[in-house]
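The structure appears right after this line, and notes come after that.
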2 protein chains.
Amino acid sequence: MDKALAYAEENFDGFVTELNELLRIPSVSTNPDHVQDVRRAADWLSDHLKSLGIEKVEVMETAGHPVVYAESVKDPNLPTLLVYGHYDVQPPDPLELWDSPPFEPVVKDGVLYARGSCDDKGQLFMHLKAAESYLRTGGALPLNVKYIFEGEEENGSENLPAFIEANKELLSADVVVISDTALFGSGVPSITYGLRGLAYVEVTLTGPDRDLHSGVYGGAIENPVNVLARMISALHDDDYRITIPGFYDDVIPLTDEERTTFASLPFDDQEWIEEVGVTKARTETGYSILEGTTARPTLDCNGIWGGYIGDGAKTVLPSKASVKISMRLVPDQSPEDITEKLKKYFEYNTPPTMKLAYTELHGGNGALVDTESSAMAAASEAMEGVYGEKPYFVRTGGSIPIVADFKKLLGLDTVLMGFGLDSDAIHSPNECFGLDRFRDGVRSIIRFMSIYASK
Amino acid sequence: MDKALAYAEENFDGFVTELNELLRIPSVSTNPDHVQDVRRAADWLSDHLKSLGIEKVEVMETAGHPVVYAESVKDPNLPTLLVYGHYDVQPPDPLELWDSPPFEPVVKDGVLYARGSCDDKGQLFMHLKAAESYLRTGGALPLNVKYIFEGEEENGSENLPAFIEANKELLSADVVVISDTALFGSGVPSITYGLRGLAYVEVTLTGPDRDLHSGVYGGAIENPVNVLARMISALHDDDYRITIPGFYDDVIPLTDEERTTFASLPFDDQEWIEEVGVTKARTETGYSILEGTTARPTLDCNGIWGGYIGDGAKTVLPSKASVKISMRLVPDQSPEDITEKLKKYFEYNTPPTMKLAYTELHGGNGALVDTESSAMAAASEAMEGVYGEKPYFVRTGGSIPIVADFKKLLGLDTVLMGFGLDSDAIHSPNECFGLDRFRDGVRSIIRFMSIYASK
């Protein structure tokens, strides 16, 4: 382990140079124009894994973007890690808000800026560099490792569950490790034990079958934009609770113990508000910012459009209005159930003048992971070795639906050892990843591999 | 007059061919990309007026698109018409809904399809063809005529009032004539005596200073799309009345007499509903479709946008949300006053988490014209000569703010003799103009010129 740590230290600059190659590939999975770029990123990873000396590396097809699979399995007596990551990235728009082009990585003040630098190319790359550090110094990894890197995470991991189902044997392991979450704060080590789920839909209301002149017809035609606004508006009450009938039925309430733990975490509301760039937070009545963003369900419009949206004035009464709505769910809310309940809400409230189109875009379950397992203990010890203090066990607001799938399909728990920060702007312009955290991540993973091997 | 009518009959096909030349010029005034096209349309009109033998023709500059001015003033003892029209057109989008390209006119079943065919190139062209019919047969017009054709009507006629103000002498006349309205129904002759006004604004709410990850931040951030939806939603009450404080203060209520006249007009609610392509009308409680669309004020969202509006799912919590809102006003509502009241509404309801940007895009006064004037009598007699029955005096829902300006700045009443139909889709895809109405329009104007000259 010490040799591997020293290797990582000596070769760190090279790690960053290599990562930049991967970051230059615009592997935007949700945009059909980038299909070839997503494949290029898969091929690049495959070549890179081979160059490290990993014996078995394969780009495996799915109904969508490919999965990169690799393994180094040497000793059936040693435990086996299944390392998951994703090499696809969010769309970079709005482009004009980036200080430097999203696919031309730059380092400023020790921070690497590029789409995917944190989510998740930079973080999955830490695992490859940890493996390299062992392979180039002792010749072998301290345990068996399997790698599964997908190209559809930002598009809902649509084909991954079927892939796992079809490759159960291949993917058999003792525990899953994922680095796709954030530290609790800068310099505050943490391991994530709770994730929110996701339900994401698109709704279109159609009134008149064409755009109409607002002067000639205005006053006797119900306007789909106004009606959609009314329906969206009524989705929250004055306490910022969600009004969809039955929405909270399966929400596991926070225990007093959990709320005490939340309150004891090193979190400063005012700092958070300043960092986010708002004047004030707005949570469900009775819950703190931390509870609201990680342990309570939410509903947000992600995009809305309808009618004339160009420059100047066009006096149309629009034919259609559309909205994208996503809900972050908590255990035990089911995305299918919630999607259906929202559908009923829209159906019930669609006036007789309108037609409703309701499309499920994607969904995934939330997860709560056992914090007492030997893998969690090893992860905790590994991070303590790097940071000099025990990591906190925390919940996060984001969604990694695959964690629930790994549990359901392979029976595996997941260790969520991530090194991002909420301020890394991972779905925003100027996404970034501090090189100190990239380094700490590689070091933590090197330690974790040895410690877990010996448990 | 008879010779002129015969000439128009014989040369009608040629009139259509010439009109098509003008319709091929995409003179979209609201789109800066079309600045040169708007000027081309002005030049084309100027050349055409000269070719008819009109003595004085000039393309006159304004701070925006030019005005085409022409006059044939021969005898100070004859009355003088001021004919107004506009040669600019609405944007053609959404392009994919046109059955044929908007700027490639085609005739199908006696109907001419093209952007501007009815609004207003086709209608202003009737005046030129009426003049031509006199000039090519008797050598002179039966009265004095001044023409003023502007290129900014669809953009709010921003520079026209200043132009009129600066050219009061030049524009002095006895009455204004405009063909930019619709017949009450197919084969139902009518003259418009009431127009609605317009106030058009754009509102942008900004919450966080960048798009945020909806998982990481959702649950503690107020979402500008949701907030804007709430503010839009609350602009109407359950009776579809507008809730802006003071909105109805200056509305002249409909008299019992007016309501009786409305009820007696040949109007079939069900036919209207089918023609518009909706399942049901929605009016302010207590008002008919006809009253709602012509004599009551309205508020409609013309366009809305914010967040991610591309394909697929992007889990952003948007930084901004915007809406374009237009209100149709009735006498004596003032656009400035209403714009200010709506601004106060938005300011008052903007939560402390948001910043508001409120922009006035354009406005114009409504108008009620005296139905008893000699010009109105001449117009009525002219149309009776063509249609075999007296035209109805009606109100219309659209706005021609310049009518109020002609009254205010020149002291002139306006005769609104239009030959469109509400089904001409004038601000929609597949805008059209029936050639029978184009022909009736030319004939009505020829008759009007003679009859008014002799009054």
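The values are calculated or read from the model by the stated rules, or taken from the named source; none is laboratory data. This is a predicted model, so every value here is computed, not measured. Because the Cβ atoms are built from the backbone with ideal geometry, glycine has one as well, and the counts that use them run over all protein chains shown.
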Which one of these is in contact with a Pro (Cβ under 6 Å, 6 or more places away or on another chain) and within 28 Å of residue B:450 (Cβ to Cβ): B:174, B:180, B:120?
B:174
Return the residue satisfying two criteria in turn: it lies in the range B:341-364 and is touching an Asp or Glu at 6+ places or on another chain (Cβ under 9 Å) and closer than 12 Å to residue B:200 by Cα, and of such residues it is farthest from the other protein chains (Cβ to nearest Cβ).
B:343
Please identify the pairs in which a residue from the range B:54-76 that is in contact (Cβ under 8 Å) with a residue 12 or more places away in the chain and within 16 Å of residue B:87 (Cβ to Cβ) has its Cβ atom under 6 Å from the Cβ atom of a residue that is β-branched (Val, Ile, Thr) and part of a loop (DSSP other than H, G, I, E, B), counting only partners at least 6 apart or on another chain.
B:70/B:54
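Quick check, is residue B:392 surrounded by fewer than 23 Cβ atoms within 10 Å (Cβ to Cβ) and under 23 Å from residue B:181 (Cβ atoms)?
Spelling it out, residue B:392 is indeed surrounded by fewer than 23 Cβ atoms within 10 Å (Cβ to Cβ) and under 23 Å from residue B:181 (Cβ atoms).
Taking the options B:296, B:328, name whichever one is free of Cβ contacts under 8 Å to residues at least 60 places away in the same chain and of a type in the set (D, E, K, R).
From the options B:296, B:328, the qualifying one is B:296.
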Going through the range B:215-235 in order, the residues found to be more than 7 Å from chain A (Cβ to nearest Cβ), buried (at least 20 other Cβ atoms within 10 Å of the Cβ) and out of contact with any Leu (no Cβ under 7 Å at 6 or more places or on another chain) are B:231
Does residue B:254 qualify as being outside any strand (DSSP E or B), more than 10 Å from chain A (Cβ to nearest Cβ) and in contact with a strand residue (DSSP E or B) (Cβ under 8 Å, 6 or more places away or on another chain)?
no
One residue is enough: does the range A:228-236 have a residue meeting the conditions at pLDDT 95 or above and in a loop (DSSP other than H, G, I, E, B)?
yes
Hits in the range A:105-131 (condition: farther than 22 Å from residue A:25 by Cα and not in a loop (DSSP other than H, G, I, E, B))
A:130, A:131
If you scan the range A:266-318, which residues turn out to be of a type in the set (Ser, Thr, Tyr) and more than 7 Å from every other protein chain (Cβ to nearest Cβ)?
A:285, A:287, A:288, A:294
Any idea which of (1) more than 25 Å from residue A:71 (Cα to Cα); (2) crowded, with 19+ Cβ neighbours inside 10 Å; (3) not charged (D, E, K, R) is the one residue A:177 doesn't satisfy?
(1)
Give me the residue from the range A:423-452 that is within 14 Å of chain B (Cβ to nearest Cβ) and in a helix (DSSP H, G or I) and, out of that set, farthest from residue A:128 (Cα to Cα).
A:423
The range B:132-165, subset under 24 Å from the mean Cα position of the chain (by Cα) and of a type in the set (Gly, Ala, Ser), residue surrounded by the most Cβ atoms within 10 Å (Cβ to Cβ):
B:151
Looking at this structure, is residue A:78 in the same structural domain as residue A:409 (by TED's automatic domain parsing), modelled with pLDDT of 95 or more and not in a loop (DSSP other than H, G, I, E, B)?
no
So which pairs qualify, if the first residue must be in the range B:3-14 and farther than 19 Å from residue B:434 by Cβ and touching a residue at least 60 places away in the same chain (Cβ under 8 Å), the second must be surrounded by fewer than 16 Cβ atoms within 10 Å (Cβ to Cβ) and small (Gly, Ala, Ser), the Cβ gap must be under 9 Å, and the two must be at least 6 apart or on different chains?
B:3/B:138; B:4/B:138
Among the numbered criteria (1) in contact (Cβ under 8 Å) with a residue 12 or more places away in the chain; (2) not in a loop (DSSP other than H, G, I, E, B), which single criterion is violated by residue A:348?
(1)
Which condition number in (1) at pLDDT 95 or above; (2) not assigned by TED's automatic domain parsing to the domain that holds residue A:232 is the one that residue A:188 fails?
(1)
Residue count, the range A:215-242, condition hydroxyl-bearing (Ser, Thr, Tyr), touching a residue at least 40 places away in the same chain (Cβ under 8 Å) and under 25 Å from residue A:329 (Cβ atoms), comes to 1
